[in-house]
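Below is one structure; the comments refer to it alone.
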Amino acid sequence: MAMKIVFATNNAHKLSEVQAVLGPSFELVTPRMCGVAEDIPEDQPTLEGNALQKARYVRARTGLDCFADDTGLEVEALDGAPGVHSARYATDGHDFAANNRLLLANLAGKENRRARFRTVIALLVGEEEHLFEGIVEGRILDHACGTEGFGYDPLFVPDGYDRTFAEMSADEKNAVSHRGRAVRKLSEFLSRYEAAKSSNG
Ligand code: IMP
């Protein structure tokens with residue numbers, strides 16, 4: 001039987017990316033499906049802090065095993081910005097187009113286009129808390145390319161590729177992406193955790 005676990009997000013793109021990596025052994029449940037309809041707070045100064053804050057919030061309201069992720073785009077020439085502020089870089093909301101325009105404006109004329117995505121996942125399972133990290137290195141183009149994915153995907157080309165994440169299928173992106181890497185670590189941990197639980201009766 002699939003292990004049921006809450007993924008503390010209401011972002012449908014993320015949900016399908018993560019479900020694809022975890023596969024059918026895990027059944028992801030959203031906070032809304034458990035009656036948590038409000039926005040989940042994420043006002044910490046680090047990705048680790050935000051991931052833990054979101055997971056603890058949902059755990060406290062549902063009592064269920066749960067994980068949350070937080071991601072930042074860290075651009076070398078901008079001293080790591082937008083980083084933990086990636087969602088609200090240009091505006092208060094999650095306005096992907098405005099964020100991308102601001103990023104291009106801030107990088108105008110800069111030769112160094114190096115950047116990386118970093119995802120941190122916080123898992124609350126039983127009495128335990130665990131963190132998993134995934135990083136992908138790459139560069140920022142000077143114009144948007146592609147229509148797949150979300151967020152900064154149309155501007156980000158991972159190392160070893162000549163296409164942006166927004167020009168890749170979900171499977172291709174997951175194979176190299178920050179979130180794919182972090183989720184595979186989560187998946188390996190959960191598989192071991194479930195196996196240990198069943199062997200302990
Ligand atoms: P979140 O905290 O994980 O929701 O991510 C913060 C922001 O980073 C999002 O609003 C997106 O703009 C951006 N972001 C997160 N993951 C990705 C991704 O896989 N591709 C492109 N942008 C992303």
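The values are calculated or read from the model by the stated rules, or taken from the named source; none is laboratory data. Note that this is a predicted model, so its numbers are computed, not measured. Neighbour counts are summed over all protein chains in view; Cβ atoms, including those assigned to glycine, are modelled from backbone coordinates with ideal geometry. We work out accessible area using only protein heavy atoms, side chains counted, and drop any ligands, DNA or RNA first. Shrake-Rupley method; radii C 1.70, N 1.55, O 1.52, S 1.80 Å.
Before I look further, what does the chain give for accessible area per residue, probe 1.4 Å, in whole square angstrom? Can you show the working numbers first?
Working: 9870 Å² over 201 residues.
Normalised by residue count, the accessible surface of the chain is 49 Å².
Charges were assigned to the Cβ only: +1 to each Lys and Arg, -1 to each Asp and Glu. The resulting dipole of the range 107-191 about its Cα centre is roughly 280 debye.
Computed from point charges on the beta carbon alone (+1 for Lys and Arg, -1 for Asp and Glu), the dipole magnitude for the chain about its Cα centre is near 240 Debye. Each of N200 and D92 was given a label point 7 Å from its Cα along the Cα-to-Cβ line. The distance between the two points is 4.6 nm. Distance between the 7 Å Cα→Cβ label points at D171 and E76: 3.3 nm. Placing unit charges on each Cβ (+1 for Lys and Arg, -1 for Asp and Glu) gives the range 83-192 a dipole about its Cα centre, and among S187, A115, V125 the Cα reaching farthest toward its positive end belongs to A115. In the chain, a dipole from Cβ-located charges (positive for Lys and Arg, negative for Asp and Glu) runs towards its positive end, and of L103, G83, V36 it is V36 whose Cα lies farthest in that direction.
Here the gap between R61 and E133, fully extended at 0.36 nm per residue and compared with their Cα-Cα distance, gives a gain of 23.4 nm. With 25 Å as the limit, write out which pairs from K14/K110; K54/K185; K110/K185; K173/K197 have Cα-Cα distances beyond it, or answer none. Beyond 25 Å: K14/K110; K110/K185; K173/K197. Here the contact order of the range 55-158, divided by its residue count and restricted to Cα pairs under 8 Å and six or more residues apart, works out to 26 percent. With the simple model of a label 7 Å out from the Cα in the direction of the Cβ, E27 to E148 spans 2.9 nm.
Charge dipole (Cα centre; +1 on Lys/Arg Cβ, -1 on Asp/Glu Cβ; no other charges) of the range 42-115 amounts to roughly 120 debye. Projecting the Cα positions of A60, T147, P45 onto the charge dipole of the chain (unit charges on Cβ atoms of Lys, Arg, Asp and Glu, taken about the Cα centre) puts A60 furthest along the positive direction.
For the range 67-136, what % of the accessible area comes from carbon and sulfur atoms, probe 1.4 Å?
Percent of accessible area from carbon and sulfur atoms in the range 67-136: 48.
Among E172, E27, E128, the largest mean-square fluctuation in a Gaussian network model of the chain, built with springs joining Cα atoms closer than 10 Å, belongs to E128.
The chain has equivalent-ellipsoid semi-axes of 31, 18, 14 Å, by the square roots of 5 times the alpha carbon gyration tensor eigenvalues, sorted largest first. Compactness of the range 98-180, taken as the C-alpha radius of gyration over 2.2 N^0.38 Å, stands at 1.24.
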